[in-house]
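Here's the structure we're looking at; comments come further down.
Here, each number is a calculation from the coordinates, and none is a lab measurement. Owing to the predicted nature of the structure, the values given are computational and were not obtained by experimental measurement. Glycine also receives a Cβ, built like all others from the backbone with ideal geometry; neighbour counts cover every protein chain displayed.
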Amino acid sequence: MLAIEAASITKIYKGARQAALSDVSLKVEAGRIFTLLGRNGAGKTTFVRVCATQLMPTSGSISVLGYDVAKQAKQIRDLISVVPQEGRPLRALTSWDHVYNWLQIRGEGKQIAKDKTEEILRKLELYEARDRPAMNLSGGMKQKILVAMAMATDAQLLFLDEPTIGLDPMSRRQVWSAINDWKSKGGSILLTTHYMDEAEMLSDYIVIIDRGAVIARGTIQELRRVIPQNIRVDIARDGLDVDALRPYGSVVDTGAGMLRVFTFESAVRELSELALRKNLTFTVSPVTLDDVFVYLAGRGIGDDQNSSD
Amino acid sequence: MCLYTLQEEALEMTRIAVTSMLPVRQAFLIAYMTGVLWLRRNPMSLVFTAISPFSLLFVLFVISGGGYVVPAVVGSLVMALVGYGLALGQDISFYKTEYKVQDVFVASPVSPLTYMMGLALSELLFGLPALIVLTSLVMLFGASVFSIPLLIATILLIWGSMSAMGFFLSSRMLHMRNATQVISFVNVILAILPPVFYSIDRVPDILRPLAYAMPTTHASLILQHIMGKGTPGEWSLGFGFAVLIAYLIGFVALAKTKAIWREN
Ligand SMILES: Nc1ncnc2c1ncn2[C@@H]1O[C@H](COP(=O)(O)OP(=O)(O)OP(=O)(O)O)[C@@H](O)[C@H]1O
Ligand SMILES: [Mg+2]
């Protein structure tokens, strides 16, 4: 079954000159974690909001869990749950107030709501602070309240728009684990994030959009193949001649005093010897999603990061 | 077989009962979250909302040396109710833009009218102390016990229609600041210009139809009637309630069909 099936979705905001989404078609399998990547303003939130029945598309059709977004929003709304980008909990209410009452509003009985609230608050390490009003909590804890509200429900499809923004590494892992639990219960997820490690860790399928259009899609393995080379070697820049690296593959400036060479296993040995000779630090690793993202979304923006090959 | 279908039917009936009760439960839970819980943690805010409806009453009372108390009480009660509806509009735009609360509610099994009802109930809760004092004053200055149902009906009608109007207006406002300005403008149109604080006799004949077109005029007339004051010959209680009910139906219909819930 498909959780989401979008056909030629275009969204032009009132008064906008450019389309926020243009002709986007994609399918999200049920029971999977589907991740939408893209630069700021690429159209991720717009797409999420269209699917979550918060925003009407200008044209095209989307069905969510088998129902039409435009005509059957009511049926969809019973089955979904969202963490909006830049949402905030109500200041005077505690995490317990938020989750427990929200579950009841969504139709749960008191006892089940209580159990579920306790479970999710413990999972996200909010339980200790369950009696503190949101205004006295840190930014990350506030964000976790919104995640807890959405993830405590028994919805079938969860929309997470940058759910881990501002979370410390431990908290991010708690959210990841909650996301995986959700999936193991058969739930589907549409996730957006700017953290490539997160996308790499969680996603079953990834779509990259840029300026409202899909520019790449596939599993992590498939996307890695977008870059012709499969290995990257980072070498400290100090006194290194870029031209000396070019024969080994495409060279990119990481912007942090390192040069990144995309290459093949066969060249790793020579490159490391070169670095050792010059006494430069270097690291060797497989190409990551981050590289793929920069390679794809970095193109055509005007910077010529990828044109040094 | 027969027993089986009976059981099925019973289950179906319970399901319908439960689902049709759900919006009511949802509205009360929303009111509980945004009203009761909030007040429990900020009890002082009740004092502020309780006092503000008495400012004009106080001025009029002092200026008239106590003689103008009936119209002042009536006007203050009507204006307070208009205020709660408009405050609802303000709250809704605040929750929408600052907290993204509406985004969460839109993508959930809560209907826009339920959301509106919940927040309107919470406004009513904030207004309760002032409402109790003002209705007691209405009783004190001439209303009989038998008019209590009329009094409550008037309060509910005006509160309901103003809340629906507030919801409709706020959903159409893009910016919080915008909403605040529109809301104070509407307050003048509904509570200050029409004969709410003063007698309709003072309205020139030519402007009377305009005054009668305002729901607040009728609310004020009904209250004056309840308090035993004379009302114009061309007006009747039935006329007043008919207009209030028409406004309630109209504004709720407007909120239901034209207020922006899902954005365009
Ligand atoms: N309410 C709106 N009215 C008009 N234009 C909008 C509105 N919301 C978004 N846009 C525009 O639509 C485009 C896509 O925005 P969107 O919020 O979907 O991007 P995004 O991929 O979620 O970005 P980010 O990573 O920064 O969250 C942007 O150009 C943005 O300026
Ligand atoms: Mg976004």
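Side notes on the structure shown:
- The charge dipole of chain B, taken about the Cα centre with unit charges on the Cβ atoms of Lys, Arg (+1) and Asp, Glu (-1), comes to about 400 debye, rounded to the nearest 20.
- Against the empirical curve 2.2 N^0.38 Å, the C-alpha radius of gyration of chain A lands at a ratio of 1.14.
- Zone residues, region A:239-255, relative to A:Val226, backbone N less than 20 Å from point 7 Å out along Cα-to-Cβ: A:250-255
- Spin-label proximity, A:Leu276 to region A:224-244 - amide N less than 18 Å from point 7 Å beyond Cα toward beta carbon: A:233-236
- Partners of A:Lys278 within straight-line reach, counting aspartates and glutamates whose Cα lies under 13 Å from its Cα and excluding those fewer than 8 residues away in the same chain: A:Asp238, A:Asp241, A:Glu270.
- Shape metrics for the protein assembly as shown, restricted to C-alpha atoms - Rg then Dmax, Å: 30.4, 107
- The Cα atoms of region A:175-309 give a gyration tensor whose axes a ≥ b ≥ c have a/c of 1.5 or more with a/b greater than b/c, which makes the shape prolate.
- For the pair B:Ile245 and B:Ser184, a Förster radius of 25 Å applied to the C-beta separation gives a FRET efficiency near 0.40, rounded to the nearest 0.05.
- Rounded, prolate or oblate (a/c below 1.5 giving rounded, otherwise prolate when a/b exceeds b/c) for region A:64-109 by Cα gyration tensor: oblate
- Relative contact order (%) - chain B, alpha-carbon pairs under 8 angstrom, separation at least six: 27
- As a length-normalised measure over Cα pairs under 8 Å and 6 or more apart, the relative contact order of chain A settles at 19 percent.
- For the pair A:Asp78 and B:Ile132, label points projected 7 Å from Cα toward Cβ lie 4.1 nm apart.
- By the combined test of axial Cα extent (at least 24 Å) and Kyte-Doolittle hydropathy (mean at least 0.5), the qualifying DSSP H helices of chain B come to B:2-31, B:69-94, B:112-140, B:148-172, B:237-258.
- Candidate cross-link partners of A:Lys114 among the aspartates and glutamates, defined by an alpha-carbon separation under 13 Å and a same-chain spacing of 8 or more, comprise A:Asp97.
- Between the helical axis of A:139-151 and the longest alpha-carbon principal axis of chain A there is an angle of about 60 degrees.
- Taking the longest Cα principal axis of chain A as reference, the axis of helix A:169-184 is set at about 70 degrees.
- Whether region A:231-286 is rounded, prolate or oblate, judged on the alpha carbon gyration tensor where a/c under 1.5 counts as rounded: rounded
- A Förster radius of 60 Å, combined with the Cβ-Cβ distance separating A:Trp176 from B:Asp201, puts the computed FRET efficiency at roughly 0.25.
- Pair A:Asp168, B:Leu6: separation of 7 Å Cα→Cβ label points (nm): 6.3
- For the protein assembly as shown, calculated [θ]222 nm from helices alone, where every DSSP H run of n ≥ 4 adds -39500 (n - 2.57): -16000 deg cm²/dmol
- Candidates A:Lys110, A:Lys183, A:Lys44: whichever shows maximal mean-square fluctuation once chain A is modelled as a Gaussian network with Cα springs under 10 Å: A:Lys110
- Separation in nanometres of the label points that stand 7 Å from Cα toward Cβ, at A:Arg17 and A:Ala213: 1.8
- Considering only alpha-carbon pairs that sit under 8 angstrom and 6 or more positions apart, the relative contact order computed for region A:134-210 is 32 percent.
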